[in-house]
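The next block holds one structure in the form of structure tokens; read it before the comments.
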Amino acid sequence: MSQLYQQIDSNKRKTYILMFLFVVFICLITWIFSKSFGWGYEVVFIAGFFSIITSLYSYYGGYQVALSSAGAKEISNQNNPYLYRMVENLSITAGIKMPKVYIIPDNAINAFATGRDPEHSHIAVTSGAIEKLENEELEGVIAHEMSHIKNYDIRLMTIVIICVGIITLLSQFFLRGRLFSSRDNDKGSGQLGAILVIIGLVLAILSPLFAQLIQLAVSRKREYLADASGALLTRYADGLANALEKIKLEDRQLIRTNKATAHLYISSPFKIGANGIGRAFATHPPIDDRIKKLRAMSI
């Protein structure tokens, strides 16, 4: 239990650290490109202001990006009493406010949770999961997502979506800007200018990779913890293990996939059957390893 509380405190700290580093990184890369292009310092201030606004939006409204990108539709007790009551019962067991419930119109088996804290949380489940999973298996999936909410994983993971997206867009903007910018700025810019141009281009090329590594760092370990916490919540580890086995056997990609939101899902929304470099950059730990750990749990 102490490990769970430590994880919650760690997630809260990392959220604010990530937001701060995001603002610093945007200002730094903008300064380098402003020197490279011959722009004034006002560009850096604009970028700093933009990154602060973006960070605040990701904190308070980032969940909307995840839900809309998945095509999720909110339901009520009247629309789908089976799913709604299952989420309601598990939230009572977990001791948290009931999340808003959404269905993703997709035949693949998957689900995710998002939001900034347990009081402002959302759970989205695919129609395929509702149709194909047995009651205990679906409970295991929802309990996993409920654990992400209770452990404050959702806040950190939701903010990562915005950070990854903005860094990628910014790098593309500067790369294209460099191609179409006037070469007059390069003439007489001196050795320092040439060095800054090289640094800027390297950052523009590698910054999406850095963003991807950040995404991986906040995702993999939390899946193991959510698996264990979810199993403790339902008192039936085999339920989630069986659901993961069905996901593995089906290996179906979601219709609407997005690399920025992939780490939110209980399993990758892309094809699981990756190997080599693909596995090294996967947002989730190996599904076989997760199943093995769940099977070994004694509750």
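The values are calculated or read from the model by the stated rules, or taken from the named source; none is laboratory data. Source: prediction; values computed, not measured. Neighbour counts are summed over all protein chains in view; Cβ atoms, including those assigned to glycine, are modelled from backbone coordinates with ideal geometry. Just the protein is used for accessible areas: all its heavy atoms, side chains included, with ligands, DNA and RNA removed. Shrake-Rupley method; radii C 1.70, N 1.55, O 1.52, S 1.80 Å.
Going through (1) touching an Asp or Glu at 6+ places or on another chain (Cβ under 6 Å); (2) modelled with pLDDT of 80 or more one by one, I272 falls short only on (2).
Residue count for segment 40-58, restricted to those that are assigned to a loop (DSSP other than H, G, I, E, B) and either under 13 Å from I154 (Cα atoms) or at pLDDT 75 or above (or both): 0.
Please verify whether segment 104-125 includes one or more residues that are at pLDDT 85 or above, within 30 Å of K246 (Cβ to Cβ) and surrounded by fewer than 20 Cβ atoms within 10 Å (Cβ to Cβ). The answer is yes; a qualifying residue exists. G61 meets each of the listed conditions (1) of a type in the set (G, A, S); (2) outside any helix (DSSP H, G or I); (3) modelled with pLDDT of 70 or more apart from (2). The single condition among (1) open to solvent by 10 Å² or more (accessible area, probe 1.4 Å); (2) of a type in the set (A, V, I, L, M, F, W, C); (3) in a helix (DSSP H, G or I) that M98 does not meet is (3).
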